[in-house]
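No lab work stands behind these numbers, since they all come straight from the coordinates. Computed from a predicted structure; not experimentally measured. Cβ placement follows ideal geometry from the backbone for every residue including glycine, while neighbour counts extend to all protein chains displayed.
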C-alpha cells in the first residue's frame with residue numbers, strides 16, 4: 001500500500017459569502033487570530049506526514065502564493081530589529097512543505113478543481129482538504145483518515161452529523177457502521193431534498209481519495225448547480241464498495257461564511273497563548289452588555 005505524501009487544497013472559490021472583503025482579499029488568507037485559515041490546513045496535512053501540497057487557485061488569489069514564499073522586506077526589517085524569533089517563525093511558513101500552485105481557469109465546481117490535480121497526484125492516493133474548512137481537533141483529522149485508509153485500503157471521507165436544515169445544503173451518506181466512528185459508505189447524494197436524504201452524516205471538509213477518482217471525474221456529468229460535483233464521483237466509488245467514512249472529532253469552522261469566521265476567531269482566540277487570557281476577560285465583561 002502506497003504511503004500518502006500528497007494533498008490537494010482547492011482554494012479557487014470566489015468567496016461570495018464573504019463579500020465585500022473577498023473582492024480584495026482571498027478568503028483563505030483571512031486570519032484566525034493572527035494566522036491565515038489556509039495555513040491551518042497546510043499544518044494539519046504536514047502533521048499527518050504529507051510532504052507535497054498542491055493549492056488550486058484562480059485569478060486574483062496571488063496573495064496565497066505570496067504568503068507561502070519568503071518575504072525579503074519583512075525578513076530584513078525583523079533582522080535589523082533583532083527580532084530573531086519572529087524572523088524564524090516567518091521563514092518557517094515557507095518551509096512547511098513543498099507547496100505548488102495551479103489555477104482552475106473556469107468555475108466548474110469542486111470536482112473540476114480536483115481534476116486539475118491529476119498530473120500532480122499521478123497514481124497515488126491523496127488527501128483533499130477543502131479550502132473553507134478549518135478543523136480544530138486534538139489530533140490531525142488528516143492523520144486519523146490516513147490511519148483508516150491504511151486499515152481498509154480505500155477512499156475515506158471525513159464526516160460529521162448535521163441537522164435536517166443543513167443536510168439539504170451539503171450531502172447525505174448511506175452508511176453501515178463498522179466500528180466506533182468508522183462506516184462503510186454505499187451511496188451519497190449532493191444537496192438532497194429532505195425526503196431523499198440517506199442519513200444526517202455529511203462530508204465536511206475532508207476526503208482521502210484513490211487515484212481512480214480521476215477517470216470517474218473525466219466522465220461524470222454536471223450535477224447540482226450545473227457543476228462537476230466531487231460528491232457525484234465519490235458516489236460512483238461508494239456504489240462499488242470502495243469508500244469508508246470517518247466521523248472526525250473536533251470543531252469544524254466554515255471560513256467561507258461571516259458567522260463561521262467570527263466564531264472561529266472567538267473560539268480559537270480564547271486559546272491563543274499570546275492574547276487568550278486577556279481576550280477571555282474582555283468577553284466576560286462584554287457578554288454582560290448584550
Among 155, 81, 186, residue whose mean-square fluctuation peaks in a GNM of the chain (springs only between Cα atoms under 10 Å): 81
Which whole-number percentage describes the relative contact order of the stretch 181-252, with Cα contacts under 8 Å and a sequence gap of 6 or more? 56 percent
Between the stretch 147-201 and the stretch 27-68, what's the alpha-carbon centroid distance in Å? 26 Å
What whole-number distance in Å separates the alpha-carbon centres of the stretch 69-92 and the stretch 253-285? 26 Å
Could you check which residue among 235, 224, 113 shows the biggest mean-square fluctuation in a GNM of the chain with a 10 Å Cα cutoff? 224
Please give, to one decimal in nm, the separation of the simple spin-label points placed at residue 81 and residue 177, each 7 Å out from Cα toward the Cβ. 5.4 nm
Using packing as a proxy for protection, rank 55-61, 72-78 so that the peptide with the highest average count of other Cβ atoms within 10 Å comes first. 55-61, 72-78
GNM on the chain, Cα springs under 10 Å; top mean-square fluctuation among 30, 255, 145 goes to 30
Full-extension gain between residue 266 and residue 224, please, as 0.36 nm times their residue separation minus the C-alpha to C-alpha distance. 11.8 nm
Below 8 Å, C-alpha to C-alpha, sequence gap of six or more: please give me the relative contact order for the stretch 1-118 in percent. 34 percent
Divide by every residue of the chain the summed helix terms, -39500 (n - 2.57) for each DSSP H run of at least 4, and state the resulting mean residue ellipticity at 222 nm, rounded to the nearest 500 deg cm²/dmol. -10000 deg cm²/dmol
Over the chain, what relative contact order in percent results from Cα pairs under 8 Å that are six or more residues apart? 22 percent
